[in-house]
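What follows is a short report on a single structure.
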Amino acid sequence: MVGKFISFEGPDGAGKTSVLRQIKADLENELGTEQVMYTREPGGNHISEQIRQVLFNPENTDMDGRTEALLFAAARRQHIVSEIVPALRAGQVILCDRYVDSSIAYQGAGRQLGEDAIWQMNQFAIDGLLPQLTVYLDIESEIGLRRIAEHRADQVNRLDKEKLSFHRTVRQAYLRLYHRYPERIKLVDASQPLAKVVADVRQTIHARFPDLFVEESKR
Ligand code: TYD
């Protein structure tokens, strides 16, 4: 498969959405829109979007942790088959907003289901498909939560409502993943101003894929 699979990770409030919007626009300018695919988890196709509705329905407060983890993995599986593999075959650059690391951090650590157990369970879903690069946007939990409170008070979902300790646990798990998979996962400091975060992400992508963001090497 000839495409490039890049995932983006980070605790809530890291600014992933704003960063990705900019990176997508920059890459489309460079390569043309048909070469770039932005997609998000859970979602990206009609089946996974339906699973997303179940996961984020504020009325589903009684959802069991393992049910939640299995639904994320099910949405992931369908997303791989419907979106990612065809895009890889077509040679596109895939910008994937969250992937399996989210489940390890949120369900494995945050919900205390066990990072190894969630990793194992997800193997069935991903069937060996990992991104060639994972950009991890790191943010201190207090700053991340403050950003959410300031900018998105109207759209706080069920999972955003978790308390500070949950966010801290999620971040620690991300940092463990970063130390465990240094080849795949690269860390960007997301507490910096947005323009600097975007510049660092461009540099990170260029370092892994020298034919992307070519002008980056001249800076
Ligand atoms: P979303 O509204 O897409 O926001 P964000 O911009 O933060 O990605 O919500 C995604 C939420 O789902 C986020 O709180 C993390 C959570 N999540 C998991 O708990 N496990 C997973 O496997 C994935 C993909 C997401």
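The values are calculated or read from the model by the stated rules, or taken from the named source; none is laboratory data. Everything numeric in this text was worked out from a predicted model, so none of it was measured. Glycine gets a Cβ as well: all are built from the backbone with ideal geometry, and neighbour counts include every protein chain shown. These area figures cover heavy atoms from the full protein model, side chains too; ligands, DNA and RNA do not enter into them. Shrake-Rupley method; radii C 1.70, N 1.55, O 1.52, S 1.80 Å.
Among residues of the range 81-106 that are at negative phi and of a type outside the set (D, E, K, R), those with a Cβ under 6 angstrom from a residue that is within 16 Å of the ligand (Cβ to nearest atom) and open to solvent by 40 Å² or more (accessible area, probe 1.4 Å), sequence gap 6+ or separate chain, pair up as LEU95/LYS24; LEU95/TYR38; ILE104/GLU115; ILE104/TRP119. Among residues of the range 1-31 being among the charged types (D, E, K, R), in a helix (DSSP H, G or I) and within 15 Å of the ligand (Cβ to nearest atom), the one that is least open to solvent (accessible area, probe 1.4 Å) is LYS16.
Give me the pairs, please: first residue somewhere in the range 18-29 and within 15 Å of PRO193 (Cα to Cα), second residue anywhere and among the hydroxyl-bearing types (Ser, Thr, Tyr), beta-carbon distance under 8 Å, and either six or more positions apart or on two chains. As it stands, the answer is LEU20/TYR38, since those pairs meet every condition given. In a residue-by-residue description of the range 137-147, the property of being loosely packed, with under 13 Cβ neighbours inside 10 Å, at pLDDT 90 or above and of a type in the set (Ser, Thr, Tyr) applies to no position. Filter the range 84-118 for residues that are assigned to a helix (DSSP H, G or I), charged (D, E, K, R) and either within 18 Å of HIS179 (Cα to Cα) or open to solvent by less than 20 Å² (accessible area, probe 1.4 Å) (or both) and give the result. Result: ASP101, GLU115, ASP116. Would a scan of the range 123-131 turn up a residue that is under 18 Å from the mean Cα position of the chain (by Cα), within 22 Å of GLY43 (Cβ to Cβ), not in a loop (DSSP other than H, G, I, E, B) and not small (Gly, Ala, Ser)? The answer is yes; a qualifying residue exists.
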